[in-house]
Amino acid sequence: MFKKLDKLIVKAFIGPFIATFFITVLVLVMQFFWLWIDDFVGKGLDATIIFKFIWYQCAVLVPLALPLAILLSSLMTFGNLGETFELVAIKSAGISLLRFMQPLFIVTVLISILAFAFSNNVIPVATLKSRTLLSDIVHAKPAFNLKEGVFYDKIPGFAIKVGKKEANDSIIQDIIIYESSNSLQDNFIVAESGVMKTNSENSRLLEFNLKNGIRYEERGDRYGAKAETEYIRMGFKEYKKIFDLSTFILSLSSDSTNKGNEKMFTMRQLNVAIDSIKKENSGLKENLTRETYRYLPLAIYLDSMHSKANYNFKDSTDFGFFKRDSLAIKDSLHRKDSLHRTDSIHKKDSIDKQKAKADTIKKKTVAQKADTAGKQKPMDPPANVTTKDSNQLKQDSLALAAKRIADSTAAAEEAKLSAFYKLLPDSAKINSNNRALSQVNSLRTNLESSLANYKDKERILRRHKIEWHKKITLSLSCLVLFLIGAPLGSIIRKGGLGTPLVIAIIFFMIFFFTNSMGEKLAKEGSLTPFLGVWLATFVLVPIGIFLTYKALHDSQLFNKEFYQRLSRKLRAAMSRK
């Protein structure tokens, strides 16, 4: 019994699925040509080229057509069964809706697997072929179309005008051919009549057999030293003029021009590309940090508390190279100092003694202030103050004392720097300020350039991750939309292309706009690639679970009579009041 029911539901699903899939693909292809019709018309494209492009474009549009076909066909299948009361008979026989949905769920899983293989292997090739062919068509010149009374300048180096064309378009009257290849000289031909035809040996050549005309030609160097030119006027009874039409023929580019785009990669190629971009970004970070701190060779001589609090050169692995460079600079300074030590030993000793004396005085001053702050007896708390408040007062007094010590130390350091700056001559001050300003400007320029390069690499990495996730979301979107269409069809119990089509379009618009919005936010960096690509799935899965729950409990969610009865009850309750 179950096998017959399985065959029944699968047969009822396959027909609408195939029909809706091809109709959807046709509509999407027509919508594409509606947007690009101006680039296809008037270019003399061969039918083979057009059909080849349509074939590639149909494969590219499968990610949009397949989920919509599954949603609409599942709605129609369960809606038809509910409208003919077959679904009621199946439920009355003790078969649950989930069991009845099982064969179609298996079919949808198989379609999803095929969709994943198609998305990973076929769509990248089709996208590459269609994009290359579309680029060639867009950049192709319009077909040769000579109109009466209008100069035609699409042939390189010439402008042609005919006064009248006969019905067969081969006999022409009142011809003017202006040669525009030389901007400094005027050469043109005027003829009463002629015959226009293609060359019998080479179809890329166009022949004008002119009769009863005059050729005007100017020769010589107009802007030379003597500026001597010759003006030639030659009359003729018959004159043959040949034009090259090879530029009007569509030239097909190689597929290698678009191979670097992430949409042309399979998942394996995307994995390789993502790993390569991550390595490039990590190397770019290291180079950026190296170039930044190369302008700060004296950073290792910073105060220990300042360096630990802000830079932490000793513990940070990212700045290991900077630590090595700074230590090398420090060793170089020590080596230079040792070379001159014998010449300035006495001067150095006196400076060291003065420095040691100043440090001793500073330490004694700091110690005395600390002892004074520690010996200060805190104010006795009032009688109504608790032990907790007393401890808080003690902590506040100690913090105030520590702040005073820090302020005095900072003032002493600032006084030392001010005294050192006053000792410098004006020329040294100007030179040091100019060098510091030059280094800051160079550092800012390098940072801006490196930051722009890093942001570009991050954008490329996000696009690759988005394409990687899109390979999976195509197959899962088929399952998600089936979980919406099947229970929704059993609830509305309407078949055909009326109500199911409207509801299917509404849910597909939710899916499409949510997917497009998430992908756009992921490309901009507002969302992660995972969250941006999977946003539509996260939105529709709860809706599918809710509709399945309602269908299992025979919900009257879309029953018009249920809402009419509810409105009558509400009006009756309002009238009683």
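The values are calculated or read from the model by the stated rules, or taken from the named source; none is laboratory data. Note that the structure is predicted; figures quoted are calculated from it, not measured. As a convention, Cβ positions derive from the backbone with ideal geometry for all residues, glycine included, and neighbour counts pool all protein chains shown. The accessibility values were calculated without ligands, DNA or RNA, using every heavy atom of the protein model including side chains. Shrake-Rupley method; radii C 1.70, N 1.55, O 1.52, S 1.80 Å.
Using only the alpha carbon atoms of the stretch 1-125, find the Kirkwood hydrodynamic radius as the inverse mean reciprocal pair distance, in angstroms to one decimal.
Hydrodynamic radius (Kirkwood, Cα pairs) of the stretch 1-125 is 16.9 Å.
For a quick protection proxy, order the peptides 260-269, 231-240 by their average other-Cβ count within 10 Å, most packed first.
260-269, 231-240
Starting from the residue with the highest accessible area, list Val88, Val533 in decreasing order, probe 1.4 Å.
The residues order as Val88, Val533, largest area first.
Highest mean first, what order results for 27-36, 270-279 on Cβ atoms within 10 Å?
Put in order of decreasing packing, that is 270-279, 27-36.
Please give the direction-averaged projected area of the C-alpha convex hull for the stretch 1-75, in square nanometres with one decimal.
Mean shadow area of the hull around the Cα atoms is 6.2 nm².
Quick one: dipole size for the stretch 436-505, taken about the Cα centre, charges +1 on Lys/Arg Cβ and -1 on Asp/Glu Cβ, in debye to the nearest 20.
That gives the stretch 436-505 a dipole magnitude of about 160 debye.
At 7 Å along Cα-to-Cβ for each site, give me the label-to-label distance between Asp39 and Lys403 in nm.
Taking the simple label geometry, Asp39 and Lys403 are separated by 6.8 nm.
Tell me the label-point distance for the pair Met517, Leu566, using the 7 Å Cα-to-Cβ offset, in nm and rounded to one decimal.
Each label point lies 7 Å from its Cα, and together they span 2.5 nm.
From the backbone phi of the stretch 475-488, what are the Karplus-calculated ³J(HN,Hα) couplings (6.51 cos²θ - 1.76 cosθ + 1.60, θ = phi - 60°) in whole Hz, Gly and Pro given as x?
Listing the rounded values in order: 5, 6, 5, 5, 5, 5, 6, 5, 5, 8, x, 5, x, 5 Hz.
Diagonalise the Cα gyration tensor of the stretch 455-526 and give the resulting equivalent ellipsoid semi-axes, square root of 5 times each eigenvalue, largest first, whole Å.
They are 34, 12, 7 Å, listed largest first.
For a bin width of 5 Å, list the pair-distance distribution of the stretch 424-499 built from all Cα-Cα distances, rounded to whole %.
Each 5 Å bin holds this share of Cα pairs: 3, 11, 8, 8, 8, 7, 7, 6, 6, 6, 5, 5, 4, 4, 3, 3, 2, 2, 1, 0.
So if I average 1/r over every pair of distinct C-alpha atoms in the stretch 439-577 and take the inverse, what Kirkwood radius in Å does that give?
About 18.8 Å for the stretch 439-577.
Explain nothing, just compute: Karplus ³J(HN,Hα) = 6.51 cos²θ - 1.76 cosθ + 1.60, θ = phi - 60°, for every residue of the stretch 11-27 in order, whole Hz, x for Gly and Pro.
Running phi through 6.51 cos²θ - 1.76 cosθ + 1.60 with θ = phi - 60° gives 5, 5, 8, 5, x, x, 5, 5, 5, 5, 5, 6, 5, 5, 4, 4, 5 Hz.
Using the alpha-carbon centroid of each, what span in Å lies between the stretch 52-118 and the stretch 468-511?
Going from one Cα centre to the other spans 9 Å.
So, with a 1.4 angstrom probe, what is the percent of accessible area on the stretch 37-118 that is carbon and sulfur?
73 percent
Work out the FRET efficiency for Asn453 and Asp275 from their Cβ-Cβ distance, taking R0 = 22 Å, and round it to the nearest 0.05.
Using R0 = 22 Å, I get an efficiency of 0.70.
At a probe size of 1.4 Å, how large is the accessible area of Leu535, to the nearest 10 Å²?
Rounded to the nearest 10, that gives 40 Å².
Amide H to amide H under 5 Å from Lys197: which residues, 5+ apart in sequence or cross-chain, H placed 1.01 Å off N in plane?
Under 5 Å from the amide H of Lys197 lie the amide H atoms of Glu207, Asn209, each far enough along the sequence or on another chain.
For the full complex of protein chains and a 1.4 angstrom probe, list Val138, Val162, Val41 by accessible area with the highest value first.
I get Val41, Val138, Val162, largest accessible area first.
Viscosity 0.692 mPa s, temperature 37 °C: what is the translational diffusion coefficient of the stretch 91-131 from Stokes-Einstein with a Kirkwood Rh over Cα pairs, rounded to a whole number of µm²/s?
For these conditions, the coefficient is 262 µm²/s.
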